[in-house]
1. Could you give the nm distance between label points at residue 90 and residue 142, where each point is 7 Å from its Cα heading toward the beta carbon?
2. Taking every DSSP beta bridge with both residues inside the chain, roughly what % is antiparallel (nearest 5)?
3. Quick one: if you take sqrt(5λ) for each eigenvalue of the C-alpha gyration tensor of the chain, what semi-axes come out, biggest first, whole angstrom?
4. Can you put 141, 113 in order, fewest other beta carbons within 10 Å first?
5. At 222 nm, what value in deg cm²/dmol follows for the chain if DSSP H runs of at least 4 each add -39500 (n - 2.57) and the sum is divided by all its residues, to the nearest 500?
6. Set the Förster distance to 41 Å, then compute FRET efficiency between residue 24 and residue 74 from the Cβ-Cβ distance, nearest 0.05.
7. What is the helix-to-structure angle for 2-19, meaning the angle in degrees between its Cα long axis and the longest Cα principal axis of the chain, kept from 0 to 90 and rounded to the nearest 10?
8. Given the Cα-Cα distance of residue 153 and residue 125 and 0.36 nm per residue of separation, how much length would full extension add, in nm?
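The numbers here are math on the coordinates, done by the rules we state, and not lab data. What you see is a predicted model, and the numbers here were worked out from it, not measured in a lab. For neighbour counting, all protein chains shown are included, and Cβ atoms are generated from backbone atoms with ideal geometry for every residue, glycine included.
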């Protein structure tokens, strides 16, 4: 079986390189992110770094972030991964150097790592003690981005399902402004427009 697999890989590689010498180059070009991002706050960690991809008209975008909340601001450091999907229907290029995405809206899924976070209720809690997962956050956001040459700066105003649920259940003790979180970020655009 291993011999068959080795022969198959050899034939695949030989046939691929003989017919299409740029096969691996094409794969690497498609896998290379379009953007590299740094973000402060915004429901994905106090500090986050990530990569992003966009469709050719740049209306649909996807980001992957690694976020951290340092131990100084939490009992233990919090580490998380976030996937964001964005839709940017209103963007305008003013000249070769300046472009503004006037309106971005999106959905994010944030997963926090650690023993104190869980997806399903642990057995040591009574049923109904928590009415949501502490490890997974689902959020909505809106924002804008301004781009000058290869650099961009953006903001996102967002909330998570937990904040909305807590607000609905405790409207008298939670202010409306406590629903929202703002994130600020910088973007370096690797690939041309």
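1. Spacing of the two 7 Å Cα→Cβ label points: 0.8 nm.
2. Percentage antiparallel, nearest 5: 100.
3. Taking √(5λ) for each Cα gyration eigenvalue gives 37, 27, 14 Å.
4. Arranged by neighbour count, lowest to highest, 141, 113 become 113, 141.
5. Mean residue ellipticity, 222 nm, calculated: -6000 deg cm²/dmol.
6. Computed FRET efficiency for residue 24 and residue 74: 0.45.
7. 70 degrees
8. 5.7 nm
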